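Here's the structure we're looking at; comments come further down.
No lab work stands behind these numbers, since they all come straight from the coordinates. Small disclaimer: the values here were computed from a predicted structure and weren't measured. Please note: Cβ atoms are built from the backbone with ideal geometry, for glycine as well, and neighbour counts cover all protein chains shown.
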Amino acid sequence: MSMADVDLRGFEYPLAPLLLRHKWALEALQVSMARVLRKLNDLRSEVHNAEQARNAQQEHLKQFPQRYLDPFLRRRALDYLTHTREAISALQERVEAAQSEHKALLSQCQKEQVQIDLLEQHQKQQLYDYALRQRAKTAAAMNHEWIARSLWEDLQRGEAVS
């Protein structure tokens, strides 16, 4: 049923402030999620760079084993690899934390979106009901007007006969 024939300017949705609050909350969550995604991408990039540096150092150690016959140099190279492995491990823990934060934010966004969808569906139903009431009022007014006009015409015909 079309609502083009009904004046909807008088419609006020009583839950509009709640709907607006949910929309703002969703926007704030989406901003937070974007920040977490950027942080997650940066961390993944750091992990990748650290792994590349570690792999390059390992290849260097494999290619020039005679260079590291000196125990001091060998110890420094192994310490570097150990430090790099620990740094990668710490970065991966941060990546996992960012992923779990992202999942939590995504879950909250979904909950907010469900609330928004329910409120918007309710608003549409309320608007439809309002339109039906307005049509009923218009029909009643037109019916009242028709009855009044027909009585007036009957009265006019009665005066014309006498």
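Inside segment 56-96, residues that are surrounded by 14 or more Cβ atoms within 10 Å (Cβ to Cβ) and either under 30 Å from Arg35 (Cβ atoms) or in contact with a Phe, Trp or Tyr (Cβ under 9 Å, 6 or more places away or on another chain) (or both) make up a count of 11. Taken as a whole, the structure places Arg133 among residues that are within 30 Å of Glu12 (Cα to Cα) and part of a helix (DSSP H, G or I). Going by the conditions given, is Ser107 hydroxyl-bearing (Ser, Thr, Tyr), surrounded by 10 or more Cβ atoms within 10 Å (Cβ to Cβ) and either in contact (Cβ under 8 Å) with a residue 40 or more places away in the chain or within 30 Å of Leu15 (Cβ to Cβ) (or both)? Yes; evaluated as a whole, the condition is true for this residue. Identify, please: which residue in segment 27-39 is of a type in the set (A, V, I, L, M) and under 12 Å from Leu106 (Cβ atoms) and is, among those, surrounded by the fewest Cβ atoms within 10 Å (Cβ to Cβ)? That would be Ala34. For the residues Gln121, Gln156, Gln99, the requirement of being touching a residue at least 24 places away in the same chain (Cβ under 8 Å) and either in a helix (DSSP H, G or I) or in contact with a Cys (Cβ under 6 Å, 6 or more places away or on another chain) (or both) singles out Gln99. Out of everything in segment 120-151 that is of a type in the set (S, T, N, Q) and over 21 Å from Lys23 (Cβ atoms), what residue ends up being surrounded by the most Cβ atoms within 10 Å (Cβ to Cβ)? Among those residues, the one meeting the criterion is Gln134. Of the set (1) in contact with a Ser or Thr (Cβ under 6 Å, 6 or more places away or on another chain); (2) within 30 Å of Glu12 (Cα to Cα), all apply to His122 but (1). Among the residues of segment 1-26, the ones that are surrounded by 11 or more Cβ atoms within 10 Å (Cβ to Cβ), in a loop (DSSP other than H, G, I, E, B) and not aromatic (Phe, Trp, Tyr) come to 4 in all. I'd like to check something: does segment 37-58 contain any residue that is closer than 30 Å to Tyr13 by Cα and free of Cβ contacts under 8 Å to residues at least 12 places away in the same chain? No, segment 37-58 has no match at all.
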